[in-house]
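Single-structure report; data block below.
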Amino acid sequence: MDLSELDRDSTGRCRLSSPVPAVCRKEPCVLGVDEAGRGPVLGPMVYAICYCPLSRLADLEALKVADSKTLSESERDRLFVKIEEDGDFVGWALDVLSPNLISTSMLGRVKYNLNSLSHDTATGLVQYALDQGVKVAQVFVDTVGPPETYQERLQERFPGIEVTVKAKADALYPVVSAASICAKVARDQAVKNWHFVETLQDLDADYGSGYPNDPKTKAWLRKHVEPVFGFPQFVRFSWRTAQSILEKEAEGVLWEDSATGHQEGPGRIMSYFSKGPQTHPHLPHRYFQERGLESATTL
């Protein structure tokens, strides 16, 4: 799996796909959607689709695909190779969403939460398959959030396709299991071969599972937080675990035009993302203060 595009730019997203099997442009197909890496504080989130003709679904099942979370890394790699070998009737595509993209989306002025990002990415991949000429007849999706509302949204978006959204779909439908394997193999490879653009002292490649409650992951975050610039782009700085470490380890910030007499002390980095009321009066820029300029209330 070639993730060189992610290596060149690890701040956005990249899409990879297999060639579309000729039979998938001729016969009605079933398509599965799943993701890997939704919860970790480290590394990208990967969404994947896998599809094949309805007439060849039994052949896909014969590969013995299963929920990727129940398989070892070597088993997932072996099954992905088999999926690739059966490229005459099985196709796949995936979107790799970088930690930077996830965090900037969630902390932007207009908030774009993880559920919405997930839904839109899944929808985009289904549309991508259609744009490539795949005759999609059925779609099975592992849910994010309430399955009923998610299914209703997808059904409205793709009225000519039979859509099913279920919890644990990766354990119920082989085509979703295949998608979960593609997603997990891609994420594992991206994490293992992550290209750090930052110069890190004594980089420790053992960061545990990457999940927020993993003590090894927390220790890695504390070790590699930079007091002024924060975390490497490998980290989802919008996660609560990362924010807590920033609050404790990062330097305080005092803007140049802030009047110190009105502040109890410099604010922490994450305080500028706070939703709560501001306790200090908003002062005009120093340019206006030095020239005695005030906003005109009447003309």
Please give the number of the condition LEU114 fails out of (1) hydrophobic (A, V, I, L, M, F, W, C); (2) surrounded by fewer than 15 Cβ atoms within 10 Å (Cβ to Cβ); (3) in contact with a helix residue (DSSP H, G or I) (Cβ under 7 Å, 6 or more places away or on another chain). (2)
Got at least one residue in the range 266-273 being closer than 27 Å to SER105 by Cβ, open to solvent by less than 60 Å² (accessible area, probe 1.4 Å) and modelled with pLDDT under 60? yes
Those residues of the range 70-101 which are under 20 Å from ASN115 (Cβ atoms) and out of contact with any strand residue (DSSP E or B) (no Cβ under 7 Å at 6 or more places or on another chain), in sequence order: ASN100
The condition from (1) small (Gly, Ala, Ser); (2) under 21 Å from LEU6 (Cα atoms); (3) modelled with pLDDT of 95 or more that GLY133 misses is numbered (2)
Taking the range 248-260 and the residues there that are open to solvent by 60 Å² or more (accessible area, probe 1.4 Å) and more than 18 Å from TYR287 (Cα to Cα), the one that is modelled with the highest pLDDT would be LYS248
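The values are calculated or read from the model by the stated rules, or taken from the named source; none is laboratory data. Here the structure is a predicted model, which is why all the values come from computation and not from measurement. In this analysis, Cβ positions are derived from the backbone assuming ideal geometry, glycine residues included, and neighbour counts consider all displayed protein chains. Ligands, DNA and RNA are excluded from the accessible area calculation, which covers all protein heavy atoms including side chains. Shrake-Rupley method; radii C 1.70, N 1.55, O 1.52, S 1.80 Å.
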